[in-house]
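Peer 1: Before we start, here is the structure in question, set down as structure tokens.
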Amino acid sequence: MTPMFERVTPEILQELEKIVGEENVIPPGGDLSAYSHDETEDFVFPPEVVVKPQNAEEISAILRLAQSSSVAVTPQAARTSLSGGALPLYGGIALSIERMNRILEIDQGNLFAVVEPGVITQVLQEAVEEVGLFYPPDPSSRGSSTLGGNIAHCAGGPKALKYGVTKDWVYGLEVVLPSGEILRPGGKLLKNVAGYNLTQLFVGSEGTLGVVTKAILKLIPKPTFSKTVLVPFPDPESAATAVTKIFQAKIIPCTCEYMERAAVEAAELRKGEKFPHSDAEALLLIEVDGNEEGVLDREIEKIAEVCMECGAPDLFVALDKEKREFLWAMRRCIGEAVKKLSTYREEDTVVPRIRLPELVRAIREISNRHGIRAISYGHIGDGNIHVNLLRGDLSKEEWDQKLDPAVRDLFERTLALGGQITGEHGVGYVQRNYMSMAYPPEYLDILRKMKSVFDPKGILNPGKILPVEESF
Ligand SMILES: Cc1cc2nc3c(=O)[nH]c(=O)nc-3n(C[C@H](O)[C@H](O)[C@H](O)COP(=O)(O)OP(=O)(O)OC[C@H]3O[C@@H](n4cnc5c(N)ncnc54)[C@H](O)[C@@H]3O)c2cc1C
């Protein structure tokens, strides 16, 4: 069923200006372009108006107004979403939390940070590192994405392997519901089983249940040492096999990233620099961290042994900070580098780690069968591989015909391996119609009922997560 929304009238605009101040509104006809897209393909969905509130009370007033006038509201942060999560599909209000960007507290006694949602992830990481603490969730977009966006998508990143994803660090929230009600689930408590866990329900809810206005995030002491190696493999299957074997050797690296040759070539093209071993068919970038250097050296030796047993001819040890940062800069630029090559669709497959060799084989078979070029890279230690399907030389017509069957094929194989259709980028707009492959109707029905408890009129981030019949 297509949701019905009202337009933003001059009266509604006037009310919005009263709530946040005229200077914090971009009215219809103003420059809405930045708020019309995120980082998902080339989609453009302009809002009718942008509002930039400063606190929960203002957001509460905006949502009450939107609910009573049946206007759609799309929460937006840094708009780096790769699933179309921040796209205002139905126009309406883009609610940008960009002004709510203060670190309110770094509590060194309890090891928690209290933040507003618009704080850039890396800004918090650097602030806590100054006092010897550590906030590990590190999406590759950490220099631009926000903690609010990370919470809404339950972002992962390389360090999720040892330290967990965003949900593992969120202990309390302040959230404004579409009704305007303000909830404060959780707190600075490491244990808390008083009632349903609403804190975690909002994590990963993609801005469809409420707007996060504050978060209490756990911190830990920063590990003192880390060691990084880059390992070349003759083929993707050998690299994927080595990943499981490293864990079977009882080593838990803090990161284990995968790059196939084409991904590395794209990064080299973008950076104008060479990667060590870039002629290998697949590379693993592995890091260990801890407080005892000798232990880390022994772990690296063991990792080298395991990788060589799996076919790695050699390995490159990043001996100093400069080399380490160079390797990470290359890895972090792959997403953007691949996107520069062509129109693309990025899928975010995840499988149990032991099934990884089957997944990399399936990706190659599907790419060949459908005649679509695929470039893969990602957080392989988590079983999470980003598959970029590239339009390349295909005509628009061929691309439109081939893409959906290829994605369905990819998801069928991923699900058959015990996996899921997204590991960290979210369902958003682009994956919503594949949700019925991932779950039976009765499961989706429960999700719909949960949405309607929080948002009975469906005004908050409409058109996301749940399958719909219409297409744009
Ligand atoms: C180059 C690149 C690399 C990336 N690497 C990774 C990676 O390694 N791991 C990973 O997980 N992701 C990655 N991403 C995806 C993206 O950066 C993350 O999903 C990120 O969490 C989005 O944050 P944002 O601030 O940009 O949010 P936005 O894109 O603005 O919004 C994302 C979602 O959150 C909702 N939202 C935003 N703020 C709030 C709020 N305050 N309350 C409620 N809902 C809200 C929006 O409605 C939307 O649904 C990458 C993206 C790019 C472009």
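We did not get these values from a lab; they are worked out from the coordinates using the rules stated. Small disclaimer: the values here were computed from a predicted structure and weren't measured. With ideal geometry, Cβ positions are generated from the backbone for all residues, glycine too; neighbour counts draw on all protein chains shown.
Peer 1: From the phi angles alone, apply the Karplus equation (6.51, -1.76, 1.60; θ = phi - 60°) to region 434-442 and give each ³J(HN,Hα) in whole Hz, x where the residue is Gly or Pro.
Peer 2: For region 434-442, the Karplus curve yields 9, 4, 6, 7, 7, 9, x, x, 5 Hz.
Peer 1: Roughly how big is the chain's charge dipole about its Cα centre, with Cβ charges of +1 (Lys, Arg) and -1 (Asp, Glu), in debye to the nearest 20?
Peer 2: Computed about the Cα centre, the dipole is about 740 debye.
Peer 1: Sticking with this structure for a sec: Give, in nm to one decimal, the length gained when the segment between Leu447 and Gln122 is fully stretched (0.36 nm per residue of separation minus the Cα-Cα distance).
Peer 2: Using 0.36 nm per residue and subtracting the Cα-Cα distance, I get 113.7 nm.
Peer 1: What is region 238-381 by shape, rounded, prolate or oblate, if you read a ≥ b ≥ c off the alpha carbon gyration tensor as root eigenvalues and call it rounded for a/c under 1.5, prolate for a/b larger than b/c, and oblate otherwise?
Peer 2: Oblate, because a/c is 1.5 or more while a/b does not exceed b/c.
Peer 1: Taking +1 at the Cβ of each Lys and Arg and -1 at the Cβ of each Asp and Glu, which of Ile372, Ala337, Ala318 sits farthest along the dipole of region 318-392 towards its positive end, judged by Cα position relative to the Cα centre?
Peer 2: Value: Ile372.
Peer 1: Along the charge dipole of region 1-103, Cβ charges K/R +1 and D/E -1, which of Gln54, Ile103, Thr74 sits furthest on the positive end?
Peer 2: Ile103
Peer 1: Please report, for the Cα atoms of region 179-321, the Rg to one decimal and the Dmax as a whole number; what are they, in angstrom?
Peer 2: 20.8, 60
Peer 1: Which of the peptides 334-344, 63-73, 458-468 is most tightly packed, and how do the rest follow, judged by the mean count of other Cβ atoms within 10 Å per residue?
Peer 2: 458-468, 63-73, 334-344
Peer 1: Give me, ordered by chain and number, the residues 5 or more places off Thr255 or on other chains with an amide H under 5 Å from its own placed amide H.
Peer 2: Under 5 Å from the amide H of Thr255 lie the amide H atoms of Glu287, each far enough along the sequence or on another chain.
Peer 1: Still on this model: For region 123-193, what does the alpha-carbon gyration tensor say about shape, rounded, prolate or oblate, given a ≥ b ≥ c as the root eigenvalues, a/c under 1.5 as rounded, and a/b over b/c as prolate?
Peer 2: Since a/c reaches 1.5 and a/b is larger than b/c, the shape of region 123-193 is classed as prolate.
Peer 1: In whole angstrom, note down how far apart the Cα centers of region 135-184 and region 408-441 are.
Peer 2: Taking the Cα centre of each part, region 135-184 and region 408-441 sit 22 Å apart.
Peer 1: Please state the charge dipole magnitude for region 382-424, taken about the Cα centre, from unit charges on C-beta atoms (+1 on K and R, -1 on D and E), reported in debye and rounded to the nearest 20.
Peer 2: 40 debye
Peer 1: So how many Lys-Lys pairs in region 239-305 land under 30 Å Cα to Cα, not counting same-chain pairs under 8 apart?
Peer 2: Counting lysine pairs in region 239-305 gives 4.
Peer 1: For the peptides 297-304, 137-144, what is the packing order when you average, over each peptide's residues, the other Cβ atoms within 10 Å and list the highest mean first?
Peer 2: Highest mean packing first, the order is 137-144, 297-304.
Peer 1: Let me ask you something else. Hey, what does the equivalent ellipsoid look like for the chain, semi-axes from the Cα gyration tensor as sqrt of 5 times each eigenvalue, largest first, whole Å?
Peer 2: Equivalent ellipsoid semi-axes, largest first: 37, 27, 20 Å.
Peer 1: Taking Lys464 as the anchor, which lysines have their alpha carbon closer than 25 Å to its alpha carbon, excluding any fewer than eight residues away along the same chain?
Peer 2: Qualifying lysines at Cα under 25 Å: Lys52, Lys167, Lys214, Lys339, Lys402, Lys449, Lys451.
Peer 1: Still on this model: Shape of region 1-88 from its Cα gyration tensor (a ≥ b ≥ c, root eigenvalues): rounded if a/c is under 1.5, otherwise prolate when a/b > b/c, or oblate?
Peer 2: Because a/c hits 1.5 or more and a/b exceeds b/c, region 1-88 counts as prolate.
Peer 1: Okay, next question. Can you find, among Gly419, Pro467, Ser452, the residue farthest towards the positive end of the dipole of region 388-469? Put +1 on the C-beta of Lys and Arg, -1 on that of Asp and Glu.
Peer 2: Ser452
Peer 1: In addition: Could you pull the Cα extents of region 125-259 along its three principal axes, largest to smallest, in whole Å?
Peer 2: Largest to smallest, the principal-axis extents are 56, 33, 32 Å.
Peer 1: Enumerate the calculated ³J(HN,Hα) couplings along region 10-19 in order (Karplus 6.51 cos²θ - 1.76 cosθ + 1.60, θ = phi - 60°), each rounded to whole Hz, writing x wherever the residue is Gly or Pro.
Peer 2: Ordered by residue, 3J(HN,Hα) equals x, 5, 5, 4, 4, 4, 4, 5, 5, 6 Hz.
Peer 1: Determine ³J(HN,Hα), in whole Hz, for all residues of region 296-303 in sequence, where each value follows from phi through the Karplus function 6.51 cos²θ - 1.76 cosθ + 1.60 and θ = phi - 60°; x replaces Gly and Pro.
Peer 2: Computed from phi, the couplings for region 296-303 are 5, 4, 5, 5, 5, 4, 5, 4 Hz.
Peer 1: Sort out for me the Cα centre separation of region 282-329 from region 9-40, rounded to whole Å.
Peer 2: 49 Å
Peer 1: Per 10 Å bin from zero, what fraction in whole % of the C-alpha pairs of region 334-389 is there, up to the bin with the longest pair?
Peer 2: Binned Cα distances yield the sequence 24, 54, 22, 1.
Peer 1: Based on the mean of other beta carbon atoms within 10 Å per residue, what is the order of 148-161, 369-382, most packed first?
Peer 2: The most tightly packed comes first, giving 148-161, 369-382.
Peer 1: To continue, here is another question. Would you work out the charge dipole size for region 217-341 about its Cα centre, treating the Cβ of every Lys and Arg as +1 and the Cβ of every Asp and Glu as -1, and quote it to the nearest 20 debye?
Peer 2: In total the dipole reaches around 560 debye.
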